[in-house]
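Trainee: Following this message is one structure expressed as structure tokens.
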2 protein chains.
Amino acid sequence: MPADALAALIAELPEGMVVTDPAVTEGYRQDRAFDPSAGKPAAVVRPRRTEEVQTVLRWATANHVPVVTRGMGTGLSGGATAVDGGIVLSTEKMRDIAVDPVTRTAVCQPGLLNAEVKKTVAEYGLWYPPDPSSWEICSIGGNIATNAGGLCCVKYGVTTDYVLGVQVVLADGTAVRLGGPRLKDVAGLSLTKLFVGSEGALGVITEVTLRLVPPQQPLATVVAYFASVEAAAQAVLGVTSRLRPAMLEFMDSATINAVEDKLRMGLDRSAAAMLVAASDERGQAGSEDAELMAATFTEYGATEVFSTGDPDESEAFIAARRFAIPAVEEKGPLLLEDVGVPVPALADLVSGIARIAAQHDLMIAVIAHAGDGNTHPLIVHDPNDAAELERANLAYGEIMNLAMELGGTITGEHGVGRLKRPWLPGYLGPDAMALNQRIKDALDPLGILNPGAGV
Amino acid sequence: MPADALAALIAELPEGMVVTDPAVTEGYRQDRAFDPSAGKPAAVVRPRRTEEVQTVLRWATANHVPVVTRGMGTGLSGGATAVDGGIVLSTEKMRDIAVDPVTRTAVCQPGLLNAEVKKTVAEYGLWYPPDPSSWEICSIGGNIATNAGGLCCVKYGVTTDYVLGVQVVLADGTAVRLGGPRLKDVAGLSLTKLFVGSEGALGVITEVTLRLVPPQQPLATVVAYFASVEAAAQAVLGVTSRLRPAMLEFMDSATINAVEDKLRMGLDRSAAAMLVAASDERGQAGSEDAELMAATFTEYGATEVFSTGDPDESEAFIAARRFAIPAVEEKGPLLLEDVGVPVPALADLVSGIARIAAQHDLMIAVIAHAGDGNTHPLIVHDPNDAAELERANLAYGEIMNLAMELGGTITGEHGVGRLKRPWLPGYLGPDAMALNQRIKDALDPLGILNPGAGV
């Protein structure tokens with residue numbers, strides 16, 4: 001970057017918007033993937049308006065400076081890893097939201113937390129379903145950049161299913177509006193959806209129009225323990241072939257014990273697997289679903305089945321599942337995987353992961369959004385032990401290879417980022433990879449947007 | 001095209017797959033938009049396999065020959081208008097389907113009818129929701145190429161929400177698989193969704209993976225008449241702000257009378273508007289919804305409200321709505337519009353259309369998927385009367401301009417095709433149009449895929 005270039009950017013933006021103090025920029029180098037290859041950015045820019053994002057990108061294009069866009073930095077794949085001498089563009093101060101209950105849409109800036117979006121729309125009697133486990137601390141912009149998932153996806157789909165429109169600033173600083181508050185609009189290519197999940201590599205999303213739905217009904221929840229992973233996996237298939245639950249989560253023995261260590265809520269430590277399922281169907285239908293799920297679990301050999309329509313009891317079991325990651329993290333730092341397989345391959349995936357764990361002498365706890373096959377092996381390791389770190393990294397790759405062998409994906413909901421980029425060509429194959437690259441080159445010809453991450 | 005080029009293509013494909021007989025090719029020049037600018041294709045090719053589509057496109061790229069892909073030719077925007085000297089690639093013989101009830105997915109070729117997909121998956125106790133009015137005669141490939149909608153979209157979304165993966169052949173003949181039978185997959189750009197709605201301008205879809213859901217419950221249906229369009233439009237808002245119906249359809253006076261002329265089912269000819277709404281919630285919840293909708297209609301001044309949980313009675317009213325287009329067509333050939341506005345603008349749209357009709361001395365009957373704002377003005381005209389045809393074409397454009405003024409789109413579910421292409425730049429604006437063009441150029445650099453249509 002020319003010596004006076006940064007000064008020009010600072011001069012062009014409101015005072016204090018460009019931060020170069022290393023004490024501050026240090027905190028913007030990594031997301032929760034803690035990518036060791038993170039660079040030191042020349043500056044962090046925290047714009048409030050689309051026009052300011054345009055200024056940054058026009059400047060970045062003119063000066064060939066890389067720009068890494070960042071929401072709340074909760075990403076787990078290194079999608080917001082800073083680049084040496086580049087800009088980190090943080091959307092944290094872009095926090096406007098307007099809800100229209102009549103069209104059931106919300107227009108919001110990317111910096112709001114997922115939880116804040118949910119809370120705001122709930123004041124209008126509406127619901128924004130996508131619920132990544134980090135929903136209380138992750139930004140809606142980050143959710144859109146990664147096409148985030150969550151627990152409710154098994155019934156309600158993923159983030160892209162709720163994005164009707166975006167305003168996006170392209171690499172050259174052009175701001176484009178795509179879509180809007182209309183459920184149906186087929187004029188022009190489906191570019192709104194192209195930007196969802198693009199991990200900051202095609203443009204910077206500065207505003208989104210979200211589709212909202214009526215509020216979720218109280219959950220009827222069923223919890224079951226199984227003596228083997230295979231029995232639990234079969235029970236998952238039994239449920240998904242009979243009804244569509246609003247949630248169907250899996251925890252293995254290591255996870256159950258880690259959660260019980262912390263929460264002391266009486267989970268069965270001897271079980272090989274635990275399933276937490278819920279229905280949100282209205283009225284009688286919810287308890288009918290719960291009964292059918294309980295009966296299915298019993299039929300597939302559950303050692304214990306517990307069913308409740310009480311919201312507090314339901315919440316306790318769901319909290320246990322949501323607490324799984326911090327609970328396992330108590331055992332040591334985590335390398336958090338995010339593979340996905342077709343649901344029938346779940347048992348093979350979980351048993352394969354156990355094999356990989358044994359082979360590399362690692363603790364790998366497994367939780368899964370079992371109803372949609374998206375699985376999070378949690379690789380416990382000591383990053384300061386070079387040999388153990390290497391074994392953890394080997395296991396990380398082997399788990400992705402295993403998922404691919406089983407017809408699955410290397411990332412279900414966290415994104416490719418930098419951490420999974422080496423596996424992307426192998427997963428997509430040369431032709432799909434070339435197609436991705438063609439789109440990337442068409443939209444970011446200088447390669448300044450999140451270089452090395454995502455596509 | 002060089003003189004011997006077509007002979008080479010004929011030689012390369014199975015006998016009879018390339019048809020040059022004008023008696024046959026004549027039937028492939030137009031879809032239901034009856035675009036008068038349709039050219040005479042050099043040949044119609046009816047492949048059965050992806051490899052044969054690759055052969056056609058490799059050949060087309062080598063010889064710079066335009067290729068127009070065609071499903072069942074039911075499109076209403078000229079998305080399958082043949083080009084002089086080009087190839088029409090018909091997917092009608094690509095008819096394989098395999099359903100996996102465990103992952104709730106179907107993998108099928110594009111030539112199956114929407115109705116055949118629905119019927120096949122129903123044998124596995126599953127449902128494919130998208131239901132364009134032409135569902136009995138349109139192909140699933142055409143549905144995907146246009147991101148087709150239908151009546152159930154107000155609750156269930158549009159075609160793209162049910163497409164998990166595609167196999168697509170690019171302009172140069174490369175076949176690429178994108179996505180697959182996984183609800184969650186964020187590895188690489190969201191290219192599956194980019195091809196949905198691309199109207200054959202980016203590639204040829206040769207296989208799709210569809211997401212299926214549990215079967216729809218029996219409908220509880222409510223029909224209401226109103227003395228004014230405004231009252232009906234307000235009642236639509238009353239319903240959508242209180243619950244999410246599975247269907248919420250609007251018919252104006254002209255449509256009611258046209259349908260009654262044919263069906264003699266006792267519709268109220270004196271009404272200014274009729275709404276047909278339905279709930280498919282399970283058990284008691286369905287009739288609760290129906291009661292709430294009936295009460296809402298009464299509150300907003302309905303002159304008559306009729307509610308039924310009887311499947312046959314429900315079906316009769318929905319059939320009346322589905323019969324609207326053929327019924328109005330009895331009055332004369334139709335120019336079929338497909339604008340969409342945010343739901344609160346529906347009354348303004350309908351009254352504006354009446355003004356345009358009066359101004360051009362035309363009958364324009366209006367039906368609408370009122371719950372999502374997607375509106376089909378049916379412009380009755382005599383295409384052999386040059387002056388009337390000109391007035392109809394003027395009205396067609398003015399209705400799109402009106403929709404845009406009201407914050408709406410020029411096409412909600414039919415696609416841009418050739419007929420609406422002149423309005424696309426004005427609708428998208430120069431920046432979004434340029435972005436569309438960049439993607440088109442990146443994927444079809446020679447411009448051989450459906451030239452002049454879609455993007």
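Trainee: Kindly evaluate B:ASN450 against the criterion of being away from chain A (no Cβ under 12 Å), modelled with pLDDT of 95 or more, crowded, with 16+ Cβ neighbours inside 10 Å and in contact with a strand residue (DSSP E or B) (Cβ under 9 Å, 6 or more places away or on another chain).
Mentor: yes
Trainee: Considering only region A:172-183, state which residues are facing chain B (nearest Cβ under 7 Å) and out of contact with any strand residue (DSSP E or B) (no Cβ under 8 Å at 6 or more places or on another chain).
Mentor: A:THR174
Trainee: Still on this model: Would you confirm, using the coordinates I've provided, whether B:ALA201 is outside any helix (DSSP H, G or I), at the interface with chain A (Cβ under 10 Å from one of its Cβ atoms), in contact with a Pro (Cβ under 9 Å, 6 or more places away or on another chain) and more than 18 Å from B:ALA302 (Cα to Cα)?
Mentor: Yes; evaluated as a whole, the condition is true for this residue.
Trainee: How about region A:131-160: which of its residues are among the aliphatic types (A, V, I, L, M), part of a loop (DSSP other than H, G, I, E, B) and crowded, with 24+ Cβ neighbours inside 10 Å?
Mentor: Here is the first cut: in region A:131-160, the residues among the aliphatic types (A, V, I, L, M) are A:137, A:140, A:144-145, A:148, A:151, A:154, A:158.
Then keep just the ones that are part of a loop (DSSP other than H, G, I, E, B); that gives A:137, A:148, A:151, A:158.
Selection gives A:ALA148, A:LEU151, A:VAL158.
Trainee: Restrict the check to region A:82-104 and report whether at least one residue is modelled with pLDDT under 95, touching a Phe, Trp or Tyr at 6+ places or on another chain (Cβ under 8 Å) and either under 21 Å from A:PRO47 (Cβ atoms) or in a loop (DSSP other than H, G, I, E, B) (or both).
Mentor: yes
Trainee: Could you say which residue among A:VAL163, A:VAL107, A:VAL186, A:VAL196 is surrounded by 22 or more Cβ atoms within 10 Å (Cβ to Cβ) and more than 8 Å from every other protein chain (Cβ to nearest Cβ)?
Mentor: Only one candidate passes the filter, namely A:VAL163.
Trainee: For region B:181-208, how many residues meet the condition of being under 30 Å from B:ARG244 (Cβ atoms) and either hydrophobic (A, V, I, L, M, F, W, C) or over 19 Å from the mean Cα position of the chain (by Cα) (or both)?
Mentor: Our first condition is that a residue be under 30 Å from B:ARG244 (Cβ atoms); within region B:181-208, this holds for B:181-186, B:190, B:192-199, B:208.
Add one more test, that the residue is either hydrophobic (A, V, I, L, M, F, W, C) or over 19 Å from the mean Cα position of the chain (by Cα) (or both), and what stays is B:181-186, B:190, B:194-196, B:208.
Number satisfying all stated conditions: 11.
Trainee: Further question on the same structure: Considering (1) part of a loop (DSSP other than H, G, I, E, B); (2) open to solvent by less than 10 Å² (accessible area, probe 1.4 Å), say which one A:VAL121 fails and leave the rest.
Mentor: The single condition A:VAL121 does not satisfy is (1).
Trainee: Related question: Out of B:ASP310, B:ASP280, which single residue is within 25 Å of B:PRO214 (Cβ to Cβ), of a type in the set (D, E, K, R) and without any contact (Cβ under 8 Å) to a residue 12 or more places away in the chain?
Mentor: B:ASP310
Trainee: For region B:248-278, name all the residues that are small (Gly, Ala, Ser) and touching a Ser or Thr at 6+ places or on another chain (Cβ under 8 Å). Don't jump to the end; show me each part of the working.
Mentor: Restricting attention to region B:248-278, the residues satisfying the condition of being small (Gly, Ala, Ser) are B:253-254, B:258, B:266, B:270-273, B:277-278.
Selection gives B:ALA271, B:ALA272, B:ALA273, B:ALA277, B:ALA278.
Trainee: Please state which one of A:ALA365, A:ALA395 is away from chain B (no Cβ under 13 Å), in contact with a His (Cβ under 6 Å, 6 or more places away or on another chain) and open to solvent by less than 10 Å² (accessible area, probe 1.4 Å).
Mentor: Numbers: A:ALA365 fails: in contact with a His (Cβ under 6 Å, 6 or more places away or on another chain).
Going through A:ALA365, A:ALA395 in turn, just one is away from chain B (no Cβ under 13 Å), in contact with a His (Cβ under 6 Å, 6 or more places away or on another chain) and open to solvent by less than 10 Å² (accessible area, probe 1.4 Å): A:ALA395.
Trainee: If you check A:LEU334, A:LEU292, which single one turns out to be more than 13 Å from chain B (Cβ to nearest Cβ) and of a type outside the set (D, E, K, R)? Write out each step before concluding.
Mentor: Working: A:LEU292 fails: more than 13 Å from chain B (Cβ to nearest Cβ).
Exactly one of A:LEU334, A:LEU292 is more than 13 Å from chain B (Cβ to nearest Cβ) and of a type outside the set (D, E, K, R), namely A:LEU334.
Trainee: Every residue in region B:79-100 that is touching a residue at least 40 places away in the same chain (Cβ under 8 Å) and either surrounded by fewer than 24 Cβ atoms within 10 Å (Cβ to Cβ) or within 15 Å of B:CYS138 (Cβ to Cβ) (or both), please.
Mentor: First, pick out the residues of region B:79-100 that are touching a residue at least 40 places away in the same chain (Cβ under 8 Å): B:79-94, B:99-100.
Correct list: B:GLY79, B:ALA80, B:ASP84, B:GLY85, B:GLY86, B:SER90, B:THR91, B:GLU92, B:LYS93, B:MET94, B:VAL99, B:ASP100.
Trainee: Look through B:GLY283, B:GLY203 and report the one residue that is at pLDDT below 95 and either closer than 30 Å to A:SER190 by Cα or of a type in the set (Gly, Ala, Ser) (or both). It would help to see each step written out before you state the result.
Mentor: Numbers: B:GLY203 fails: at pLDDT below 95.
Just a single option satisfies the conditions, and that option is B:GLY283.
Trainee: Identify all residues within region A:286-319 that are among the β-branched types (Val, Ile, Thr) and modelled with pLDDT under 95; write none if there are none.
Mentor: A:THR308, A:ILE318
Trainee: Quick check: is even one residue across region B:423-438 open to solvent by 60 Å² or more (accessible area, probe 1.4 Å) and more than 14 Å from every other protein chain (Cβ to nearest Cβ)?
Mentor: No, region B:423-438 has no match at all.
Trainee: Run down A:GLY408, A:GLY417, A:GLY340, A:GLY373 and say which single residue is within 14 Å of chain B (Cβ to nearest Cβ), touching a helix residue (DSSP H, G or I) at 6+ places or on another chain (Cβ under 6 Å) and buried (at least 21 other Cβ atoms within 10 Å of the Cβ).
Mentor: A:GLY373
Trainee: So B:ALA187 passes all but one of these: (1) of a type outside the set (D, E, K, R); (2) at negative phi; (3) touching a residue at least 12 places away in the same chain (Cβ under 8 Å). Which condition number does it fail?
Mentor: (3)
Trainee: Counting only residues that are buried (at least 20 other Cβ atoms within 10 Å of the Cβ) and out of contact with any helix residue (DSSP H, G or I) (no Cβ under 8 Å at 6 or more places or on another chain), how many does region B:31-49 have? Walk me through it before giving the result.
Mentor: Quick first cut of region B:31-49, residues buried (at least 20 other Cβ atoms within 10 Å of the Cβ) only: B:31, B:33, B:35, B:38, B:41-47.
Filter again for out of contact with any helix residue (DSSP H, G or I) (no Cβ under 8 Å at 6 or more places or on another chain), leaving B:31, B:33, B:35, B:38, B:46.
So the answer is 5.
The values are calculated or read from the model by the stated rules, or taken from the named source; none is laboratory data. Computed from a predicted model, the values in this text were never measured in an experiment. Positions of Cβ are generated from backbone atoms using ideal geometry, with glycine treated the same way; all protein chains shown enter the neighbour counts. Heavy atoms of the whole protein, side chains included, go into the accessibility calculation; ligands, DNA and RNA do not. Shrake-Rupley method; radii C 1.70, N 1.55, O 1.52, S 1.80 Å.
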